[in-house]
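Undergrad: Got a structure for you, questions after.
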Amino acid sequence: MTHATANARLRAARQGLGLRSQAALAEAVTEAARSIGLRISVTPRTVRRWESATPPWPHPEHAAALEALFQRPVTDLGFVAPWQDDEPDAPKTLRAMKSQQYVGRPLRRVGPTLPVAVAADFAAITVAYRHLYWTIPAADLLPLVAGHAGLGASLLSTIDDSARKGLATALSEASLLAGRLAFFDLQQPEAAQPHFVLALEAAYQASDYLLGAAVLAHMAFAPAFSGDRTRAQEARDRIRAAHAFAHRGNAPAAIIAWLNAVEAEVETRFDNTGDALRLIDQAETLLANQAQDSELPAWFDWFSLTRLQGFKGNTLVVAGRPRQAQAVLTQVLADLPDNAAKQRSITLADLAASSVADKDPDRACELLSEAIESVSRQWYATAMDRIKAVRESLREYESLPAVRNLDAKLYDWHTTVNSF
C-alpha cells in the first residue's frame, strides 16, 4: 500500500500519537475500548483495512474506541459512512440526521463557557421528544431528534462544568431515542448505529451506567435481527456488557428484567427458545418481587409487565406452542394502554402467527388485517416486517378468499409506499 492510496488521515493521526506501526494502533484501540467499558479486540489486519484507500465504516464499538483514543469523530479520521451524503448543499434535515458527525465532540473543550441554564433547557426539550415518540410519525421526528442530539454534542464541549453531567445524560437519552426511531420505527439499522455510539459516549461522559446498559442492550438488536446466525456471539457479547453496566449501576429489578427480556429476544431470534423462556421466567420473578417504592429513570418508559408478556407470547409462537401463545397475547392486547399503538400492531401480528400455527388461516387473516390498520394509523416498520413474515407463512392457503382480501389491504398505496 503506497502513501498516495492510503487513508492518510488515520495514518497521520496514528503517527501523531507516536504509534509507529499498525500493530501498535491495534493494541492502543483495544486498550481505549476497555477504558470506556467495551470488550473488543482489534487486530493489525483490521487496522490495515482502516488505513487502506477505501476504509470500511467501523463497527460501533470500534468507532467509540477510535474516538476515545484520538479525541475526535471518526469522520475526521478518513472514514465515510455508507449512508452519508457528500454533497455540500445537502438539505438541512438530511445533515441533521447525520449525528455520526458529532460522535466524539463531547471530548473536545473549545469555545466560550455556556451558562448552566442551557443544560436544563436542552434536557427539557429531550423530555418533550421522549413524550412525542409515542404519537409523532418517526420519519418526521427522527431528523429533529438527531439534530437535537447533534446540538447537544456541540454544547457539551463548552457547558459550565457543574452542568456537564446533566447535559451529557440528556444527550445520551436523545441519541438513544434517535437510534430507536431509526432501528425499530424505520428499519434503518445502519443509520441507527452512529446514534447508539453517540448515546454510549455521552453516557460515559455522564458516568451513567444505567443509560450505558440501555444503549448496549439496544445495540444487541442489530446482530440479532440481521438473520445472520454467525452474529449470535456479537449480540450475546453486547447483552453481557449491558448486564455488567447494570450491575455497576445498581440497576433496579425492572431494568434487569428488561435486559432479560432483550436477551430472550436475542435467543429467540437464534432459535434457542428454551433459554429464552427461562430468561422470561426470571424476568417475571424480578418484576413480581421488585420493591414497591423502586424508583426508575424517567427515560425508561418502554417496558412493563404487559410488554414482557408480549416478549413471552412471541417466544411461545416460535417455540411451537400456539395455544399458550394465544392465551398470553390475548391478555396483552387487553392490558396494553391506549397510546401503545406500535406494540398493539406487533401483538396482533404475533397472534396471527399463532393462528397460522394452529391451522386457522381465517383467524390469522382477520388479525393481520387489524395489524395492518393499526400500522396504517401509526407507521412502525418492525411491525410491518412481522406482518409480512406471517403473510409468507400463509402460502399454502393462498387460494382462500380471506388471504386474497388480506393481500388487497397489505398492498394498498399507503402500506406499499411506506414499506419502500
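Undergrad: Relative to the Cα centre, what is the charge dipole magnitude of the chain, using +1 at the beta carbon of each Lys and Arg, -1 at the beta carbon of each Asp and Glu, and rounding to the nearest 20 debye?
TA: For this selection, approximately 1180 debye.
Undergrad: Let me know the Rg and Dmax you get for the chain when you use only its Cα atoms, in Å.
TA: Spelled out, the Cα radius of gyration and Dmax of the chain are 22.6, 71 Å.
Undergrad: Taking H placed 1.01 Å from N in the peptide plane, check which residues at least 5 places from Leu114 or on another chain put their amide H under 5 Å from its amide H.
TA: Ile159, Asp160
Undergrad: What fraction of the Cα pairs in the range 162-305, stated in percent, has a spacing above 29 angstrom?
TA: So the portion of pairs separated by more than 29 Å is 13 percent.
Undergrad: On to the next question. What number comes out for the charge environment of Arg404, summing +1 per Lys or Arg and -1 per Asp or Glu over other residues with Cβ under 15 Å away?
TA: Cβ neighbours under 15 Å give a net charge of -3.
Undergrad: So what J values fall out for the range 171-176 if you push phi through Karplus, 6.51 cos²θ - 1.76 cosθ + 1.60 with θ = phi - 60°, rounded to Hz, Gly and Pro as x?
TA: In residue order, the calculated couplings are 5, 4, 4, 4, 5, 4 Hz.
Undergrad: How far, in degrees from 0 to 90, does helix 361-377 lean away from the longest principal axis of the Cα atoms of the chain, to the nearest 10?
TA: Approximately 40 degrees, to the nearest ten.
Undergrad: Filter the cross-link list Lys388/Lys409; Lys312/Lys409; Lys342/Lys388 down to pairs whose alpha-carbon distance in this structure exceeds 19 Å.
TA: Lys312/Lys409
Undergrad: Against the longest alpha carbon principal axis of the chain, how many degrees, from 0 to 90 and to the nearest 10, is the axis of helix 209-219 turned?
TA: So the helix axis and the longest Cα principal axis differ by about 60 degrees.
Undergrad: Using helices alone, I'd like the mean residue ellipticity at 222 nm for the chain: each DSSP H run of four-plus residues gives -39500 (n - 2.57), total over residue count, nearest 500.
TA: -21000 deg cm²/dmol
Undergrad: Here's something else I'd like to know. Using each residue's phi in the range 274-289, evaluate 6.51 cos²θ - 1.76 cosθ + 1.60 at θ = phi - 60° and report the 3J(HN,Hα) Karplus result to the nearest Hz, with x for Gly and Pro.
TA: Whole-Hz 3J(HN,Hα) from phi for the range 274-289: x, 5, 4, 5, 5, 5, 5, 4, 5, 5, 4, 5, 4, 5, 5, 9.
Undergrad: So which aspartates and glutamates pass the test for Lys165, namely a Cα distance under 15 Å, with those fewer than 8 places away in the same chain ruled out?
TA: Output for Lys165: Asp121, Glu173, Glu201, Asp208.
Undergrad: Viscosity 1.306 mPa s, temperature 10 °C: what is the translational diffusion coefficient of the range 230-303 from Stokes-Einstein with a Kirkwood Rh over Cα pairs, rounded to a whole number of µm²/s?
TA: In µm²/s, the coefficient is 123.
A short reminder: the numbers here are calculations on the coordinates, not readings from a lab. Model, not experiment: these values are computed from the prediction. Cβ sites come from the backbone with ideal geometry, for glycine too, and all protein chains shown count toward neighbours.
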